[in-house]
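Q: Here's a structure for you.
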Amino acid sequence: GDPIRLRQVLLNLVGNALKFTEPGGEVCISCTETGSTESGSEFLFEVRDTGIGIAAADLDQIFEAFAQADGSTTRRFGGTGLGLSIAKRLVELMGGRIGAESEPGSGSRFWFTAVFEVSGGPRPHPRGVEQLEGLRALIVDDNATNRTILETLLRRWGLFVHTAASGPDALRALRAGAADSCSFELALLDHCMPDMDGIELATRIQSDPAIARTKCLMLTSAGTARNRDLARHGGILAYLRKPVRREHLASTLISLLCAEAEPITVSPRERTAASEAARRGRVLVAEDNAINQRVAVGLLTKLGYESHVVGDGEQAIQAIQEQIFDAVLMDCQMPVLDGLAATRRIRAMEAGRIPILALTAGATSEDRERALAADMDDYLSKPFTSDELEALLQRWID
């Protein structure tokens, strides 16, 4: 197996699942070890969605170039283009198999296998999590998958975990724990829940003397300054944007539970670059348009990244040979040497692998597929927001 090919296949399958799943639906990714061989362990990767589904008659052709389920799907959602055929080739290059199962109106399951060498040992826990052992945490989220993910993670770190699917259930659990002298030190609250959202729940927790000592942390998919301020006024001590990395979650829990914590906002998405200490990496911007250059540099500076600008692919190659960068934002269409060709040359000469993130003028699946075929790692469609840029860089640098 190849981690770069694995990432490209997953990006394609997950991207399609998200595209064909309506708001309010769900996309789940799972990985299961299915056996061992002389060359390593075989893993089964699955991407499940609750989207529109694919008719049985179309499944046999879905991995062919530009295959579509039907015309109405293409008009409404756009095409999968070359993506699935490329994914199939990448899986086969890793010695694996790929397939799909689907039911129209209910969703799809895409799967593939790959063999990877076994690492020398288990992935270490984030530093300091041993301080959390034995503490009691309540996870409150109406989404069962989110509850399971957090519960599994916290249990691995030695916490005692209870889950609740709603605000009223959470209040009952907190009050029952307090009555039994088994109070919860921490409550992790989802922001958007029906009937009672996370901010209202936190306010009720803080207004009840029996459970007011429970420290509240909020996880949200829609972190805005207004929501952050509402959360702070509701007594929430930390506010993290999903998907949260385990290292960020661990450091936040340690600061909240193992030391006196002031009400703070710790989400990396909410940081500014006012302090030199907040510098998070060095980014090369390869972009020929002067206005786009200024926009990118301004956003990077605001987010806490250092930047260096070049105007074409040749200059990008030269800069990478002479300087050290944590990532490259590469415009696909530039004079002298375009971003796709520049990426191929960089890949051919580099010893390690620097994340190269495509900046595309279009948002079509074909633009994305051309970028991935050139061995770029990810892509961002212009114009993009500060949040979108930070989310991209978080995936590859932070």
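Just so it is clear, none of the values below were taken in a lab; they were calculated from the coordinates. Predicted model only: the values in this text are computed from it and were never measured. As a convention, Cβ positions derive from the backbone with ideal geometry for all residues, glycine included, and neighbour counts pool all protein chains shown.
Q: If I fit a long axis through the Cα atoms of helix 290-303 and take the longest principal axis of the Cα atoms of the chain, what angle between them do I get, 0 to 90°, rounded to 10?
A: The angle comes out at about 30 degrees.
Q: Express in nm, to one decimal, how much length is gained between residue 127 and residue 302 on full extension, taking 0.36 nm for each residue of separation and deducting their alpha carbon distance. Intermediate values should be presented prior to the final figure.
A: Details: separation 175, 0.36 × 175 = 63.00 nm, distance 2.83 nm.
Taking 0.36 nm per residue and subtracting the Cα distance, the gain is 60.2 nm.
Q: Moving on to the next point. Could you work out the helix-only [θ] at 222 nm for the chain, with each DSSP H run of four or more residues adding -39,500 (n - 2.57) and the total divided by the number of residues, to the nearest 500 deg cm²/dmol? List each step's numbers first, then the result.
A: Details: 14 runs with 151 residues, N = 398.
When only DSSP H runs of four or more count, the value is -11500 deg cm²/dmol.
Q: If you stretched the chain out fully between residue 251 and residue 7, how much longer would it get, using 0.36 nm times the residue separation minus the C-alpha to C-alpha distance? Before the final figure, lay out each step's value.
A: Details: separation 244, 0.36 × 244 = 87.84 nm, distance 2.64 nm.
So the extension gain works out to 85.2 nm.
Q: Another question, if that's okay. Around residue 345, what is the net charge, scoring Lys/Arg as +1 and Asp/Glu as -1 over all other residues with Cβ under 13 Å from its Cβ?
A: Numbers: positive: 344, 347; negative: 312, 314, 338, 350, 375.
Net charge around residue 345: -3.
Q: If packing is taken as the average count of other Cβ atoms within 10 Å, what order do 304-317, 284-297, 90-103 fall into, highest mean first?
A: Working: 304-317: 20.3, 284-297: 18.6, 90-103: 17.0.
Ranking, from highest mean packing down: 304-317, 284-297, 90-103.
Q: Any idea what angle helix 83-93 forms with the longest principal axis of the chain, computed on alpha-carbon atoms, 0 to 90 degrees, nearest 10?
A: It is inclined by approximately 90 degrees.
Q: Sticking with this structure for a sec: Could you tell me which of 128, 85, 21 has its Cα farthest along the dipole of the chain towards the positive end, charges placed at Cβ (Lys, Arg +1; Asp, Glu -1), taken about the Cα centre?
A: It is 128.
Q: If the label point is 7 Å along Cα→Cβ of residue 258, which residues in the range 119-151 have backbone nitrogen under 11 Å from it?
A: So the set is 126-133.
Q: Sticking with this one: Among bridges DSSP assigns within the chain, what percent are antiparallel (round to 5)?
A: Working: 25 of 61 bridges.
Beta bridges within the chain, antiparallel portion: roughly 40 percent.
Q: If we count other beta carbons within 10 Å of each Cβ, what is the order of 360, 50, fewest first?
A: Working: 360 22, 50 18.
The order, fewest Cβ neighbours first, is 50, 360.
Q: While we're on this one: Just to be sure I understand, if you calculate volume of the Cα convex hull per residue in Å³ for this structure, which of [x] 169; [y] 347; [z] 155 do you get?
A: [x]
Q: Can you tell me the orientation of helix 386-396 relative to the chain, as the angle in degrees between its alpha-carbon axis and the longest Cα principal axis, to the nearest 10?
A: 80
Q: Same structure again: Would you please put 336-343, 383-390, 160-167, 213-220 in order of how densely packed they are, using the mean number of other Cβ atoms within 10 angstrom per residue and starting with the highest? Provide the component values of the computation, followed by the final result.
A: On the way: 336-343: 20.4, 383-390: 15.2, 160-167: 18.9, 213-220: 22.4.
Result, highest mean Cβ count within 10 Å first: 213-220, 336-343, 160-167, 383-390.
Q: A further question follows. When you take every Cα atom in the range 1-59, what is the radius of gyration, and what is Dmax, the widest Cα pair distance, in Å?
A: Computed over the Cα atoms of the range 1-59, radius of gyration and Dmax are 14.0, 44 Å.
Q: Same structure, new question: Between 127, 89, 344, which gets the highest mean-square fluctuation from a Gaussian network model of the chain, Cα cutoff 10 Å?
A: Fluctuation is largest for 127.
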